[in-house]
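What follows is a short report on a single structure.
Read the figures in this text as sums done on the coordinates, not as results from a lab. Bear in mind that the values here come from a model prediction, so they are computed numbers and not experimental data. Cβ atoms come from the backbone with ideal geometry, glycine included; neighbour counts cover every protein chain shown.
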Amino acid sequence: MIEIMPESSNNLLVTKATGKLTTEDYEKVWIPALEAILKNNNKIRVACWLSPEFEGWEAGAIWDDAKFGIKHRNDMEKMAIIGGPEWVVWATKIGAHFIEGTIKTFENKDFQAAVEWAKA
């Protein structure tokens, strides 16, 4: 499940991911929220918290994420990835080569610092 967090504002989307992310999460929450930001802003900033309850992605959700990322690779300004399993750090480093913006990983304990970094 993807939840929009109250720290979201203007061109910053702050989310919390729990359980296994599905195509429905992307099509009904993630993508519409990002597209709404793009209607009023040139660039998107994201802080995505992969909570301790996060279990990964279903195949369809991975595909939705990849399609959106490719389509909007020049629209991302900053992306903070907070928490998640160890492999997420490596995946983030690889993903950083496919977008124009900056991606940085943070530990769960650094949630607020991650949001402030994405906002600044």
Output for segment 97-119, where each listed residue is part of a helix (DSSP H, G or I), in contact with a Lys or Arg (Cβ under 9 Å, 6 or more places away or on another chain) and not charged (D, E, K, R): 98, 114, 117, 118
Where a residue in segment 84-109 is over 18 Å from residue 12 (Cα atoms) and its partner, wherever it lies, is of a type in the set (Asp, Glu) and part of a helix (DSSP H, G or I), with Cβ under 6 Å and at least six apart: none
Residues that are surrounded by 12 or more Cβ atoms within 10 Å (Cβ to Cβ) and assigned to a loop (DSSP other than H, G, I, E, B), drawn from segment 31-59: 41, 43, 58
Qualifying residue in segment 42-53 (condition: farther than 20 Å from residue 92 by Cβ and either out of contact with any Leu (no Cβ under 6 Å at 6 or more places or on another chain) or not hydroxyl-bearing (Ser, Thr, Tyr) (or both)): yes
Odd one out for residue 62 among (1) more than 15 Å from residue 108 (Cβ to Cβ); (2) more than 13 Å from the chain's Cα centre (by Cα); (3) without any contact (Cβ under 8 Å) to a residue 12 or more places away in the chain: (2)
Single match in 62, 81 (criterion: β-branched (Val, Ile, Thr), part of a strand (DSSP E or B) and surrounded by 14 or more Cβ atoms within 10 Å (Cβ to Cβ)): 81
Selection count, segment 1-24, where residues are in a loop (DSSP other than H, G, I, E, B) and hydroxyl-bearing (Ser, Thr, Tyr): 2
Odd one out for residue 28, checked against (1) in contact (Cβ under 8 Å) with a residue 40 or more places away in the chain; (2) in a helix (DSSP H, G or I): (1)
Any hit, segment 69-76, residues being under 22 Å from residue 28 (Cα atoms), within 13 Å of the chain's Cα centre (by Cα) and assigned to a helix (DSSP H, G or I): yes
